[in-house]
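What follows is a short report on a single structure.
The values are calculated or read from the model by the stated rules, or taken from the named source; none is laboratory data. Please read all numbers here as calculations on a predicted model, not as lab measurements. Every residue, glycine as well, gets a Cβ built from its backbone with ideal geometry; the counts of neighbours run over all protein chains shown. We work out accessible area using only protein heavy atoms, side chains counted, and drop any ligands, DNA or RNA first. Shrake-Rupley method; radii C 1.70, N 1.55, O 1.52, S 1.80 Å.
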Amino acid sequence: MQSRVKWLENMTFVGQSASGHSVVLDGNGGEKAPSPMELVLMAAGGCSSVDVVSGLQDLHQQITACEVSVTAERREQAPRIFTHANLHFVVTGHDLSDELVSKVVADSLEKYCSVCLMLGQGVDMSHSYEIVVA
């Protein structure tokens, strides 16, 4: 896997993936685009969401929507690493099993999500969920 980041101007950069996609990054705390740290949280949410949606589909759950809110705390002093992050899933569907949703969400964070597992080496990671009946 490979990517590159090119400086555009001021504190604005563009990241390019080997698969041909680009994303703008803003080193000024997100004035023009997501900051690198915001992208880390989005990556964790995206990676874990893939696990949750595919896991529930594999278990024949009638999922119609899935959204995750990722909240995190950072150290005050440099390096301003994350100290805690929580992924809160809202899973919508028909006749969803609370037990299966709970297991799939936990398994993502603890076993499958590469981004969360990497963050978990230095960040206190937690998860929560709620089920919405469609």
**Asked** Out of curiosity, is VAL40 among the β-branched types (Val, Ile, Thr), outside the structural domain of THR12 (by the TED database), within 25 Å of ASN28 (Cα to Cα) and open to solvent by less than 80 Å² (accessible area, probe 1.4 Å)?
**Response** yes
The number of residues in the range 16-45 that are in contact with a helix residue (DSSP H, G or I) (Cβ under 8 Å, 6 or more places away or on another chain) and in contact (Cβ under 8 Å) with a residue 24 or more places away in the chain is 3
Reported set for the range 9-21 where residues are farther than 15 Å from PRO36 by Cα and in a strand (DSSP E or B) is GLU9
When restricted to ASP107, ASP124, ASP58, ASP98, the only residue at pLDDT below 95 and among the acidic types (Asp, Glu) is ASP124
